[in-house]
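The values are calculated or read from the model by the stated rules, or taken from the named source; none is laboratory data. Worth saying up front: this structure is predicted, and the values here are computed from it rather than measured. Reconstructed Cβ throughout: ideal geometry from the backbone, glycine too, with neighbour counts over all protein chains shown. Protein only, heavy atoms only, side chains kept; ligands, DNA and RNA dropped before computing areas. Shrake-Rupley method; radii C 1.70, N 1.55, O 1.52, S 1.80 Å.
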Amino acid sequence: MGATGVEDWAAFLRLVILAGVWGWAIPNGVAAAAIPMPAKTSVVSVPDPTFRICAARQGMLMDISNATRPRISTEIKKPDIGVERYYNANVTLCRIYQACRDPAGRVRVRSRGGSRCGLKHFGEIPDDEFQTSSRMDKDLLFFGESDSAPLSRSHMPHFMHDFLPLLPAHDTVVRGAQGEDPGLSAEFLDFNNQTVVLERNTTENGLDPILIFEDRFRRRSHSSEWIREFLQVLGADSIVLNTTSDSITCFNSIITASYKHRPQVSISHLLNQNSHIFSDNRLERMRTKDSCQCDRKVVIINRHDSSKARTIANLNELEKKIASTRVCGKMFAVETVYFDSENFSSQVGTMQSADIIVSIHGAELSNSIFLRTGSFLLEILPFAYYPKRFSRFSEALALDHLQEIAKPDGRSVSSCLKKLMRSTNDTTLLGNYHRLLNRFQEAATETRNLTKRFGFNILDSDLNFEVPNQRVCMRSQVLQVDANSIANKIREREKKFCRCTK
């Protein structure tokens, strides 16, 4: 065989190896169209032939849009039921029938049993008013209540923060609609607040769920599309309600959730492999110890333009450092993805197939709900901007979560603040801008000199510089990360998870 033939044969072997590693081999019985291909990725670790990715991970590359979900009936088989109440020591999940939402966002009920659902603001609605109110033959997923109208927010992470406590309630009523045991204590009441005894611990009443969104939902095209597809996974719909209307809107039922303690404590116990969001969509909920016998898949989530806010400036260094790390005798396969150019199904497939996620802070992490329990999430934060949203989110989903703070990017912060300064002649405001910039530069110097690390957080409630868009400027930083620190955190976490010493 000539030199050219040897080179061609070697190239062919490399392609075969990569196809096997990344799950491009199509599982039996799965059409080629079911494999979502990311719009743009960079794979930097080229494994040797001994590299082993768990075979089960190939199944996680299934396109969620092709999942065959059970059809849920909308038929109300037990119309005399006024309230379904499911509960344990910390959570109460309710489905209140023939209930309404008033212009202030409060629940109005025909059944007095609503008092047992933990609602803070609710009232009864007389029969004559109920009969004349506008109706929707839907079941409202009611995420919360306040003195102002509580509408689901339209930015992806805000939506997930609002909706996550409701997810167990949705799953519980879906189980009830399909005649399954809800897995919680149950109580059924009629419209006079009297207990109804059923032969089974379920009503089998069908449902057609819906969420109401704020008006900005129409304008956030990228975020709204992701939310719509997420709701489709649940079999739910979305509407934007006319918030200027002073009329009451009534629904077939309103579904609520209330918690005695922090919701995060209970949600992780209520969402499991049998939860319909996972089982109906062929998604895995648990990362098992079996993955310790395979080489780990690390996914880095970045954004495309390396000159813009919250992109990883030294991405190549980070990729190579992680790829060269070994733990428990295994390697790391490193893949960088850009969710700003991937569709919903591809994002879900990426999260399902990952053992470890290293991600910039941002809306991309709304996809964390599709990570398997036991997965490791390392969130990269801009200097002086340390939100806890995804820490709480990870706790609710039983994910192992750590944060890595990037190095100060004074140039981006200064540029952002100076641009804001040029838009005002208010001397007090200009003084506040200078005060904030000086404090940032002082904190950056302290961190570089190791005299006081990360001692400044723009989100601290006692720090108020009275600067409009001050958070925007902190988020505008380009992220220069400590590749060694991230690789070490990954190594130590995997050693603990897999119970090995090196």
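Remark on residue 238: its backbone amide H falls under 5 Å from those of 211, a criterion applied only to residues 5 or more positions apart or on other chains, H modelled at 1.01 Å from N.
Dipole magnitude for region 372-447: about 300 debye, using +1 per Lys or Arg Cβ and -1 per Asp or Glu Cβ, origin at the Cα centre. Along the charge dipole of region 332-485, pointing to its positive end and built from +1/-1 on Cβ of Lys, Arg, Asp and Glu, which listed residue (465, 370, 394) has its Cα farthest out? Checked the options; the winner is 465. Overall form of region 410-476: prolate. Here a/c, set by the Cα gyration tensor axes a ≥ b ≥ c, is 1.5 or more, and a/b is the larger of a/b and b/c. Quick one: Karplus J couplings for region 391-397, per residue in order, coefficients 6.51, -1.76, 1.60, θ = phi - 60°, nearest Hz, x for Gly and Pro? Per-residue couplings from phi come out as 5, 5, 4, 5, 4, 5, 9 Hz. Annotation for region 388-456: trypsin sites (Lys or Arg not before Pro) lying in DSSP loop with at most 16 further Cβ atoms inside 10 Å of their Cβ are 388, 422, 452, 453. Sorting 116, 135 by accessible area puts them as 135, 116; the probe is 1.4 Å, largest comes first, and only protein heavy atoms count. Put a plus charge on the Cβ of each Lys and Arg, a minus charge on the Cβ of each Asp and Glu, and nothing anywhere else: the dipole of region 420-502 about its Cα centre is then about 700 debye. Taking the Cα centre of region 269-393 as origin and assigning +1 to Lys and Arg Cβ atoms and -1 to Asp and Glu Cβ atoms, the resulting dipole is close to 400 debye.
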